[in-house]
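The values are calculated or read from the model by the stated rules, or taken from the named source; none is laboratory data. This one's a predicted model, so the numbers in the text were calculated from it and none came from an experiment. In this analysis, Cβ positions are derived from the backbone assuming ideal geometry, glycine residues included, and neighbour counts consider all displayed protein chains. Just the protein is used for accessible areas: all its heavy atoms, side chains included, with ligands, DNA and RNA removed. Shrake-Rupley method; radii C 1.70, N 1.55, O 1.52, S 1.80 Å.
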Amino acid sequence: QVRLVESGGGLVQAGGSLRLSCAVPISIFINDMVWYRQAPGKPRELVADITRSGTTNFGDSVKGRFTISRDNAKNTIYLQMNSLEPEDTAVYYCNVQTFASNYWGQGTQVTVSS
């Protein structure tokens, strides 16, 4: 079982920024890389995704505030979160998709105080 390694979560005040990273610990060919989040009592939602060629897509609630990027040589995905709001408080999960499977991170907590 491959477990992705996430980092960068924490506590930040509203209006602040955080950068999440997610590293894939094995050498595999990755297609899409995705960030999801789940707040208490709410379903998991898509935050952003990026294809191997760099095409990006964002959830409506984060458009204009978050950016997603990837380093294919390092098999690493990043999520830059700016202008954070209390509503962004959640556990953030990364997911990567190959032709045969997909893999998940353990989740990292992001808490935004008002």
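Quick notes
- Taking the criterion of being open to solvent by 70 Å² or more (accessible area, probe 1.4 Å) and not polar (S, T, N, Q), the residues of the stretch 27-71 that qualify are Phe29, Pro40, Gly41, Lys42, Pro43, Arg44, Glu45, Arg52, Asp60, Lys63, Gly64.
- The lone exception for Val5 - which of (1) under 20 Å from Asn102 (Cα atoms); (2) hydrophobic (A, V, I, L, M, F, W, C); (3) open to solvent by less than 30 Å² (accessible area, probe 1.4 Å); (4) not in a loop (DSSP other than H, G, I, E, B) it fails: (3)
- Test: residue in the stretch 87-110 that is over 15 Å from the mean Cα position of the chain (by Cα), open to solvent by 30 Å² or more (accessible area, probe 1.4 Å) and more than 21 Å from Gln1 (Cβ to Cβ): yes
- Single unsatisfied condition, Lys74 versus (1) in a strand (DSSP E or B); (2) within 28 Å of Gln1 (Cα to Cα); (3) open to solvent by 50 Å² or more (accessible area, probe 1.4 Å): (1)
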